[in-house]
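Notes to accompany the following structure.
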Amino acid sequence: MRLKIPILIACFCTFYFLSHSAGWLNRTDKTWGFAVFISDITKVFISPSFLVFLLDNILTYLLFYFLYPNKGIIVTLSLYLLIGLPIMIGLRFVVEEVILFYITGHHNYNPKYLTLKYYVFDNLYFTIYYNFVSIAFFGVQYERFKKLKEKELKLQARNAELSFLKSQINPHFLFNNLNNIYTLVYQHSANALPAISKLSDLLRYMLYQKDDFVPLVREVEYLHNFIDLQLMRYDYIPERAINIQADIDPAIKIIPLSLIPFVENSFKHGNLKDPEHPLTISLKIKENTLIFKVGNQKNENRKDATGGIGLENIKKRLELLNPAKYNLIIDETATYFHIELKMVING
């Protein structure tokens, strides 16, 4: 939070002007006119009282600015009431009733009212009245600062969580696919080297893209490479029905790595030998909505003892980046698993 003394001075001048305008507007003598009005304004704004109250407001603002954020309202108000107000009243007395009296020979107050009790109580009212400007100004500024700080903290927490979720994706993906490639190498499969090449391309995409959103065409290319990599590890031709829209607008963007976890889950846990229940993957753009569907028959003989983080991970990322722009439906039975993801996109 920065000091904003020039803006405070402008606010105080406006408040001071409005406080005296009622007297000018109700003036009934015959000397009233624009020239007299300007003269009265000039006298008010060069008067010692105005300068004292202006200085008073600046000091009060500084008191709240430096104390309130660290010491709280009780300490700040206590110092203001017990130390600040007496100093302000004493300052006005020294300026108007000592220094100016020495220079001009005239008191600002009528001498018959110039008693300690009357002077203190009268100036207590005026000091608090005019200090309202600096206290209110600080209050508004501090509330705005707190709201901005809260937004900043939430943004930092959001970015930290996203970074953590992204850091989970690579090891999870790498662990699964290295196991697959290990099997291919162990079996002396001709697909081993192409699989390593595909994995290299995929890891390059994962490691070097840092944006929250990437072109959908890149994500689809990544998806095709991922599917090819998965198909290489089978010693049979998996039953599948893949329908991914080809003509995609390059301007459309999507959360990176937001489609892979669903496909990976199907390859990992699906039964791909049943022609009546093939692995289904479809992606299409309808108006301004991306519709992505994945379905597979469950393979009862393949249980993941450690559990996976992919699906939970992507759900958290979608919630953080697109809380109001996505709808994920998971339909799971004892034998079948199906997801439908709809995301609002901007092309």
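Where a number appears in this text, it was derived from the coordinates with a stated rule and is not lab data. For clarity, every value in this text was computed on a predicted model and none was experimentally measured. When we count neighbours, we look across all protein chains shown, and the Cβ atoms used for this are built from the backbone with ideal geometry, even at glycine.
Amide H contacts for residue 240 (H built 1.01 Å from N in the peptide plane; partners 5 or more residues away or on another chain; cut-off under 5 Å): 279. Considering all different alpha carbon pairs of the stretch 189-344, the Kirkwood hydrodynamic radius works out to 16.4 Å. Ordered by the count of other Cβ atoms within 10 Å of each Cβ, fewest first, 137, 226, 213 give 213, 137, 226. Each Lys or Arg adds one and each Asp or Glu subtracts one; over the other residues with Cβ under 9 Å from the Cβ of residue 326, this totals +1.
In this structure, the amide hydrogen of residue 336, modeled 1.01 Å from its nitrogen in the peptide plane, lies closer than 5 angstrom to those of 298, counting only residues at least 5 positions away or on a different chain. Projecting label points 7 angstrom from Cα along Cα→Cβ for residue 82 and residue 288 puts them 6.0 nm apart. The residues neighbouring residue 93, those whose beta-carbon lies less than 15 Å from its own, together hold a net charge of -2 under the Lys/Arg +1, Asp/Glu -1 convention. Backbone geometry of the stretch 80-90 corresponds, through the Karplus equation with coefficients 6.51, -1.76 and 1.60 at θ = phi - 60°, to 3J(HN,Hα) couplings of 5, 6, 8, 10, x, 4, x, 5, 5, 5, x Hz, x marking Gly and Pro. In sequence order, the stretch 261-266 has phi-based couplings of x, 5, 5, 4, 4, 5 Hz under the Karplus curve 6.51 cos²θ - 1.76 cosθ + 1.60, θ = phi - 60°, and Gly or Pro positions carry x. Extending 7 Å from Cα along the Cβ direction at residue 315 and again at residue 4 yields two label points whose distance is 4.3 nm.
Model label sites at residue 224 and residue 276, defined 7 Å from Cα along the beta-carbon direction, differ in position by 3.4 nm.
In order along the stretch 10-17, the phi-based Karplus estimate (6.51 cos²θ - 1.76 cosθ + 1.60, θ = phi - 60°) of 3J(HN,Hα) comes to 4, 5, 5, 4, 5, 5, 5, 5 Hz; Gly and Pro are listed as x. Amide H contacts of residue 252 (H built 1.01 Å from N, in plane; Pro and chain starts excluded): 216 sit under 5 Å, all sequence-distant by 5 or more or on other chains.
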